[in-house]
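Engineer: One structure, pasted below without further comment.
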Amino acid sequence: MQTFIKDKTGRTLTLENAFAKIFFRLQTIILECVVYFIHLIGHFPSHHIRRLFYRIAGISIGKGSALHTETRFYDPRNISIGDDSIIGEKAVLDGRDKLVIGNHVDIASEVMIYNSEHNVNAEHFSSVESIIKAPVIVADYVFIGPRAIIMPGVTIGKGAIVGAGAVVTKDVPPYAIVGGVPAKIIGERRNKNLDYKLGRAAWFR
């Protein structure tokens, strides 16, 4: 008598597919443990200690950059941060696809950057097949205001400014100022010869 293996949606799996799902589940559990550990490290009041463990976890962090307390990550291995950039408290950086943050980027508190989302029209909403992934790129000298949300597939051009609380669903041109839900261009940055440094982050933030 042949035994059939079925997944949670009731679909029949081959033995090969079943082992692949088990392996994927084990990988996911290990990643969740790593993510939880670096979440705990995120409360430690030292930029140097936090950076050390973030780099060990796979995040590329450039010279002079700082990530303030309680930063959250979904997968650290695909995240790259350039030189002299600052990530504010309680920011969410999604590394389930490539996330590239450039040099001299200022990301304020509680900003959320996502590069993975559900396909709301998928037959099985919670299945792996329903996940849509797309890289996010934040170019040099960008400022993102508090509680802004950046959605998958977005590129924010050099020197652009994203207003507080904005939801960015499409690319932002260089030096543009955007705001609103969804974000729209509301102005343009006058200075296009940007050459500043953000400098040292506060010790206990």
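Engineer: Using only DSSP helix segments of four residues or longer, with each worth -39500 (n - 2.57), what per-residue ellipticity at 222 nm results for the chain after dividing by its residue count and rounding to 500? Could you put the intermediate results ahead of the total?
Structural biologist: Values: 2 runs with 37 residues, N = 205.
Helix contribution divided over all residues of the chain: -6000 deg cm²/dmol.
Engineer: While we're looking at this one, here's another question. With axes computed from alpha carbons, what is the tilt in degrees of helix 15-41 against the longest principal axis of the chain, rounded to the nearest 10 within 0 to 90?
Structural biologist: That works out to roughly 30 degrees.
Engineer: If you take the C-alpha gyration tensor of the stretch 24-162, multiply each eigenvalue by 5 and take the square root, what semi-axes do you get, largest first, in whole Å? Display every interim value, and only then the final one.
Structural biologist: On the way: eigenvalues 114, 77, 29 Å².
The three semi-axes for the stretch 24-162 are 24, 20, 12 Å.
Engineer: In terms of modelled amide H atoms, which long-range or inter-chain residues lie less than 5 Å from the amide H of residue 153?
Structural biologist: Close amide H contacts, sequence-distant or interchain: 134, 136.
Engineer: At a 10 Å Cβ-Cβ cut-off, how would you order 117, 16, fewest neighbours first?
Structural biologist: Values: 117 16, 16 8.
Result, fewest neighbours first: 16, 117.
Engineer: If R0 is 22 Å, what FRET efficiency do you get for residue 83 and residue 44 from their C-beta distance, rounded to 0.05? Numbers along the way, then the final one.
Structural biologist: Numbers: r = 23 Å, r/R0 = 1.03.
With a Förster radius of 22 Å, E is 0.45.
Engineer: Follow-up question, since we're still on this one. Could you compute the net charge surrounding residue 68? Neighbours are other residues with a C-beta less than 14 Å from the C-beta of residue 68; K and R count +1, D and E count -1.
Structural biologist: Numbers: positive: 50, 51, 72, 90, 200, 205; negative: 70, 89, 106, 110.
Combined, the nearby Lys, Arg, Asp and Glu give +2.
Engineer: Relative to the longest principal Cα axis of the chain, at what angle does helix 47-56 sit, 0 to 90 degrees, rounded to 10?
Structural biologist: 40
Engineer: Considering only DSSP beta bridges with both partners in the stretch 12-188, what is the antiparallel share in %, to the nearest 5?
Structural biologist: On the way: 7 of 36 bridges.
The antiparallel fraction comes to roughly 20 percent.
Engineer: Run the dipole for the stretch 91-205 about the Cα centre, Lys and Arg Cβ at +1, Asp and Glu Cβ at -1, nothing else charged, and hand back the magnitude in debye, nearest 20.
Structural biologist: Details: 13 positive and 11 negative charges, 104 e Å.
Charge dipole of the stretch 91-205: 500 debye, to the nearest 20.
Engineer: To continue, here is another question. Only four residue types carry charge here, +1 at the Cβ of Lys and Arg and -1 at the Cβ of Asp and Glu. Report the dipole size of the chain about the Cα centre in Debye, rounded to the nearest 20. Walk me through the numbers before you get to the answer.
Structural biologist: On the way: 25 positive and 19 negative charges, 52 e Å.
Dipole about the Cα centre, nearest 20: 260 debye.
Engineer: Moving on. Please list, in order along the stretch 130-143, the HN-Hα scalar couplings obtained from phi with the Karplus expression 6.51 cos²θ - 1.76 cosθ + 1.60 (θ = phi - 60°), rounded to whole Hz, x for Gly and Pro.
Structural biologist: 8, 7, 10, 10, 7, x, 10, 10, 10, 6, 4, 6, 7, 10
Engineer: What pairs from 133/197; 90/158; 21/98; 21/90; 63/184 go past 26 Å between their alpha carbons?
Structural biologist: Correct reply: 133/197; 21/90; 63/184.
Engineer: Sticking with this one: Let me spell out the model: positive unit charges on the Cβ of Lys and Arg, negative unit charges on the Cβ of Asp and Glu, origin at the Cα centre of the stretch 70-152. What dipole size does that give, in debye rounded to 20? Intermediate results must be reported in sequence, preceding the final value.
Structural biologist: Numbers: 7 positive and 13 negative charges, 24 e Å.
For this selection, approximately 120 debye.
No value in this document is a laboratory result; all are computed from the given coordinates. All values reported here derive from a predicted model rather than from experimental measurement. Neighbour counts run over all protein chains shown; Cβ positions are idealised from the backbone, glycine included.
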